[in-house]
Amino acid sequence: MRRDPHQLESEIFDEFEENARAVIFDGSCEKFLASIPDETIQLIVTSPPYNLGKTYEKRVHLDEYLKWQEQIIAECVRVLAPSGSICWQVGNFVINGEIIPLDIVLYPFFAKHGLKLRNRIVWHFEHGLHCSKRLSGRHETIMWFTKSEDYKFDLDKIRVPQKYPGKRHFKGPKAGQLSGNPLGKNPGDVWVFPNVKNNHVEKTVHPCQFPVELVDRLVLSLTDKNDWVLDPFLGVGTTVASAVLRGRRGCGSEKMKEYVEIARERVQKAIDGVLPVRPMNTPVYDPANAGKSLTHNSWTLVDDKDSWNQINLVEEVRVAGWSKSEDC
């Protein structure tokens with residue numbers, strides 16, 4: 001049946017439709033991936049469950065979890081275009097106080113299909129769970145794989161402002177000329193984006209939502225207009241929303257009804273151009289701008305001669321009961 005062009009551009013489809021702009025499948029990623037033809041998708045961006053027992057997942061033995069991930073990864077490779085990329089964003093699996101970096105244990109499942117790891121991107125954020133038995137985790141990793149040597153990558157689309165835009169060559173034939181790229185510098189492989197917490201403009205009920213600007217950087221650099229972007233673990237729709245906002249086609253699957261409804265609402269707002277997002281390259285919020293109520297150090301005495309040193313302060317804090325953190 002021939003689809004109306006306006007319907008294809010403005011409607012969110014329930015099942016994969018080759019010419020649609022947005023598809024949100026209500027169900028398992030296994031069923032959705034099976035419906036996608038071979039070599040259709042240019043970019044796969046996802047953050048799978050970490051097997052931590054969150055509300056949207058059932059905690060299982062690590063070996064069982066890895067076997068399941070291996071099956072999903074194999075299907076993702078099948079639907080990936082020859083020039084395509086997979087960006088698998090993961091954190092740590094934690095058991096009995098020990099962390100197991102998921103990127104390390106998942107890498108072989110990509111390598112066995114001949115995919116090449118181009119970057120191991122570190123996403124750094126400032127807020128999260130406070131630990132008392134180890135250092136608090138403040139980063140996750142994105143493994144960027146390509147299916148072939150002939151892959152799409154447009155660095156110019158994601159350059160960031162130069163640190164020293166007025167810097168010039170000081171010797172040689174280019175002496176006196178500006179030394180930096182006028183479009184900006186390479187953003188590197190450590191990305192600093194605020195995670196989506198309560199005061200974030202994009203916040204929904206999802207406990208582990210990643211920001212649109214993180215996906216934007218991948219979508220802009222690894223795809224062209226109208227290319228397909230897939231997220232098999234869609235959550236509340238961030239990946240499809242980013243794809244739509246950037247003129248691409250987005251599709252994904254989600255099995256939690258509440259998240260599916262939120263994803264549809266957010267993607268529809270993206271189609272209509274009214275989705276609230278944190279703009280790319282916005283400086284990270286500086287708490288000093290909030291005033292002295294947040295940045296004043298109440299533990300330091302006014303008279304420097306009587307100020308506590310770090311060791312004494314630690315003891316005072318413990319006595320006062322301020323050292324209690326999450327048991328992790």
Quick one: which strands (runs of 3 or more DSSP E) lie wholly within the range 102-215 and hold at least 2 residues that are β-branched (Val, Ile, Thr), closer than 14 Å to Gln89 by Cβ and touching a Phe, Trp or Tyr at 6+ places or on another chain (Cβ under 8 Å)?
116-124, 139-146
Let me spell it out: the conditions are (1) at pLDDT 95 or above; (2) more than 19 Å from Val240 (Cα to Cα); (3) part of a loop (DSSP other than H, G, I, E, B), and Arg59 meets all of them except one. Which number is the exception?
(1)
Touching a residue at least 60 places away in the same chain (Cβ under 8 Å), under 15 Å from the mean Cα position of the chain (by Cα) and farther than 23 Å from Val229 by Cβ - does that describe any residue in the range 48-55?
no
Where the second residue is among the polar types (S, T, N, Q) and the first is at negative phi and lies in the range 165-178, which pairs have Cβ atoms under 9 Å and are six or more apart or on separate chains?
Lys167/Ser179; Arg168/Gln177; Arg168/Ser179; His169/Gln177; His169/Ser179; Phe170/Ser179
Within the range 247-275, tally of residues that are part of a loop (DSSP other than H, G, I, E, B), of a type in the set (D, E, K, R) and buried (at least 20 other Cβ atoms within 10 Å of the Cβ):
1
Looking only at the range 216-231, decide whether some residue is farther than 26 Å from Phe153 by Cβ and not acidic (Asp, Glu).
no
Scan of the range 130-170 for residues that are modelled with pLDDT under 95, within 24 Å of Thr282 (Cα to Cα) and not charged (D, E, K, R), ordered by number
Gly137, His139, Val160, Pro161, Gln162, Tyr164, Pro165, Gly166
So which residues in the range 1-53 are of a type in the set (Lys, Arg) and modelled with pLDDT of 95 or more, if there are any at all?
Arg21, Lys31
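The values are calculated or read from the model by the stated rules, or taken from the named source; none is laboratory data. The shown structure was predicted, so the numbers you read here are calculated from the model rather than taken from an experiment. Note that we place each Cβ from the backbone using ideal geometry, even for glycine, and neighbour counts take in every protein chain shown.
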